[in-house]
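Note sheet for the following structure.
We did not get these values from a lab; they are worked out from the coordinates using the rules stated. This one's a predicted model, so the numbers in the text were calculated from it and none came from an experiment. A quick note on method: Cβ atoms are made from the backbone with ideal geometry, for glycine too, and the neighbour counts reach across all protein chains shown.
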Amino acid sequence: MKTFKSTCCYCGVGCGVVVTKEGNGQLSLEGDKEHPSNMGMLCSKGMNLHYTVMDQSDRLLYPQMRLNRSMPMQRVNWDDALERTAAVFKTLIKKFGPDSVAFYVSGQCLTEEYYLVNKLIKGFIGSNNIDTNSRLCMSSAVVGYKLALGEDSVPVCYDDIEAADVIFVTGANPAWCHPIIWRRVEAHKAANPDVKIICVDPRKTDTSRSSDLHLQIAPGTDIVLNNAIGRILIEKNYIDQQFIAAHTDGFPDFQEKVMQRTVAEAAELCGIDAADIYTAAEWIGQCKGFLSFWTMGLNQSVIGVNKNLSLINLHLITGKIGKPGNGPFSLTGQPNAMGGRETGGLANILPGHREVINASHRAEMEEFWNTPVKIANKPGLTATEMFEALADDKLKAIWIINTNPLVSMPDINVAEAALNKSRFVVVQDVSNRADTVKFADVVLPAAAWLEKEGTMTNAERRITHLPKAIDAPGEALPDAEIIWRFAAKMGFGDSFDYKNTSEVYDEYTACTAGTTIDVTGVNYQLLKTNRSIQWPLTTSFENNKTPITGTKRLFTDHQFHTKNKRAQIHAVPDENHSEPTSETYPLVLTNGRIRDQWHTMTKTGRVAKLNQHTPQPFLQLHPEDAEHRNIREGQLAVIQSRRGEVRVKVNITEDVRPGLCFLPMHWGKILGSNLARANNLTNNLVDPKSKEPDFKFSAVQVSLY
Ligand code: SF4
C-alpha cells in the first residue's frame, strides 16, 4: 500500500487529496487535512475523482493517424505520428508563415505543459497562436484586474473568508461550483450570524438560498447594480476619501458616471427593489471586511471586462482592498487556469505575466529561451478567432490539447464546420469521448491525472505538486513529454532536451525572476516539503531550506502594479450589448453548471454516482412563460435561437425570473444526437477587450416539441 499527496483536478479551489494505492492496484482517496485549501474536505466531484482513472474503458491507448479524413484511423508508433505532424507543420509554416498553425489548450493542463507549448510556438515557431479554454472562462477577470490593479493578480486568499463580515457573491453559484469555498463561507456565517451574505444572480440557486439578501437582477444589468451601489456609497459618505486621494486615479469620472442614473432608475432596470440596493450598499459601507466573489456571470459577457471593473470599483472607492477580509476574488473555474496565466498561456501574454506587445518583455524571453526567431509583436488568435480563422482557411492547422471545443465553444455549429473544413487537426487527449476525435488527422493519447507529474496553481495563487502515482495505459504519454518530443522532431531538440518535468518547472521558475510573480528557486522538492506555496514568495531560501512562505494577500501597502502605483477606478457605461430579444426570440437563455458534473462530462459523466444527481439535461422555465406556451412540467420542448436548436424536457420553476430560462452547459451527445448541446444556441459575440464569449445571454424561443 502506498499513499500519494496530490490536488483535485476539477476546479480552481485546488483541494489537496491523499490517494492510496492498494497492493492490488485499487485506488482510494480522501481529502488532505494538511492542505490549507480544503483542510480535508472534498465535494462530491473530488470524492469520486479516482474513479475517473480507474475506469479506462474510454481511454485513447495508441497514437493513430490517417492520410485523409475519408480513411479510417490507423494505429502508428509515436515517432511516425510526431514525424508526420512535424512534417505537416513545417510545410505549412514554410508556405503560409508561422501564423498558419495554432495550439488550443486547456486549464486542465499542468503548469509545465502550458510552459512548454508556449515556449514552442511563441519562441521557436514564431507565432502567438496559442489560446486556452480559459479564454472562455476567466479572461474578462484577467483584463479587469490588469486595468484596475495593474496586473492579473488575485489580491486575496481563502483566509479572507473568516475575516470578512460582508460576502458579496455575484454571477456565481459557489455552493455548487466551488463547494469547498462555500462550506467555509457557511461555517463562518454559522459561527458569526451577523456576517451578511449578498447574492446577485438572475436565478435562485443554493448560493442565493443561503444568503441574507438575494438581488435577483435582470440578465445583463450587473453594471447598473454596481454603479447604483457606488452612487449610494458616495451619497452616504461610505467612501474612503483618504485612500482614494492617496492610492487611486479616476474617481471624479466615476462619480460623474454613477450620478447619471438614479437608484430608482437602476432598480427598475435591474428589476429589483430600490430598498434592496440600499440595504446592500449600507452593509458594504458599514462593514470592516468586504469580500466579493464572482465567476462566469460577470466574465462570460460581451461587457465582461466592464462588469469586472464595476465590481472592483466598489473596493477601490471604499479602500476595502489589501486588508484582511477585503478584496475582489475572481474564482477560477478550472484547476490550473492560474498556472496557465503564469506561464503565458493566452494569445496575448508571455511567461511571468509579461505581455507580447511589450518589446522589453519579448526581449527578456527571447534572451531567456535563446530563440531562433523573434517573438511576434502582436497577440495571436484567441479561442473563437481560431475557429473563425479555420473556417476562412487563414489558419491551416490546429492542435487541440485536453479540451473538448465541440461542446464548449459558443455557436458550436460554426466551430464544428470549421474543424470539418480545416486542413490538419491534431487531437491530444485522454479520452475517446472527446467530440473532436472524429475530425482528427492525428490522435495522440495523453496520460491522465495521477499518471504524470507536474504542478498546478489554484485560485488563491497556491502552487501544489502533483506526483505520478500510476502508469498510463497503453502507450499514452505525459503531455509535457509529447510536446518536447514533437519540438525535437521540429528541429528544436537542443532547447527542449528535458529528462523530466522537474527540469521544465525549474526553467519556468527561473524566468519569473524579478517579476511580480517571482517564484525563483521553488522546485519540486520544496513544494513536496511545504505541501503548497503561494506566490509571490516572501522569504528567500537556499539549498531547499524550509519553510517557505508565500504572500497571502497582495497590495497590503496599497502600492498597486500600475506604472504610478495607483489603482485605476474606471467610469464604465452600464448598457448591455448582448444580442437583442425579439418577437421571434423573446426569452433570454443563460447556461451554467449543475452540482455533480464537470465541463463536457468526459470525466464526471463516467462516474455512476455523479450521474445520479441530475441524469438528464433540462430547461428551467418560469411558470408564466410555461403557461403562455402551454407547456407542462416534464414535457419535451424545443429551444431555438438564431443559430440552432436544443430539445430537452422542461422543469417549470420560479428559480428563474420571468423571461429567463436556464440550460446546463455539460451535455454534448446523447444517444448520438447533439440536441442537448447548450452551445447550439449561444453566439460568437465576445467582449472587445477580453475576447470572452457572451455565453450568459442568448435570445431564444421555447415551444412544445
Ligand atoms: Fe475538487 Fe473543486 Fe470539489 Fe475541491 S471544490 S474537491 S477542487 S471539485
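Observations on the model:
- Prolate/oblate/rounded call for the range 176-288, Cα gyration tensor, a/c under 1.5 rounded: oblate
- Student exercise, the chain dipole from Lys, Arg, Asp, Glu Cβ charges, in Debye to nearest 20: 1120
- With the highest mean first, a sort of the peptides 310-318, 331-339 on other beta-carbon atoms found within 10 angstrom per residue produces 331-339, 310-318.
- Global form of the range 1-160, assessed from the alpha-carbon gyration tensor, a/c cut-off 1.5: oblate
- For the range 198-249, the calculated P(r), taken from all Cα-Cα distances in 10 Å bins from zero up to the bin holding the longest distance, is 23, 35, 28, 14, 0 percent.
- Solution diffusion estimate, µm²/s, Stokes-Einstein, the chain, Kirkwood Rh from C-alpha pairs, 37 °C, viscosity 0.692 mPa s: 128
- On a per residue basis, the convex hull of the C-alpha atoms belonging to the range 587-704 measures out at 111 Å³.
- Sorted peptide list for 421-432, 217-228, criterion being average Cβ within 10 angstrom, highest first: 217-228, 421-432
- Spatial extent of the range 67-200: Rg and Dmax, with the Cα atoms as the point set, Å: 22.7, 67
- Taking only alpha carbon atoms, the range 403-506 gives an Rg to Rh ratio of 1.02, where Rh is the Kirkwood radius.
- Relative intensity, log₁₀ I(q)/I(0), of the range 368-417 from a Debye sum that treats every alpha carbon as a point, q = 0.19, 0.23 Å⁻¹: -0.73, -0.91
- Structural descriptor for the range 625-687: relative contact order 31 percent, calculated from alpha carbon pairs under 8 angstrom and at least 6 residues apart.
- The magnitude of the dipole of the range 587-704, with charges of +1 and -1 set on the Cβ of Lys/Arg and Asp/Glu and taken from the Cα centre, is near 560 debye.
- Percentage relative contact order, the chain, counting C-alpha pairs under 8 Å, at least six apart: 19
- Shape box of the range 259-378 [Cα atoms, principal axes, largest first, Å]: 63, 32, 28
- Seen through its C-alpha gyration tensor, with square-root eigenvalues sorted a ≥ b ≥ c, the range 139-331 comes out rounded because a/c lies under 1.5.
- Highest-first packing order for the peptide set 90-98, 503-511, 294-302 is 294-302, 503-511, 90-98, based on the mean count of other beta carbon atoms within 10 Å.
- For the chain, the antiparallel share of DSSP beta bridges with both residues in that region comes to about 50%.
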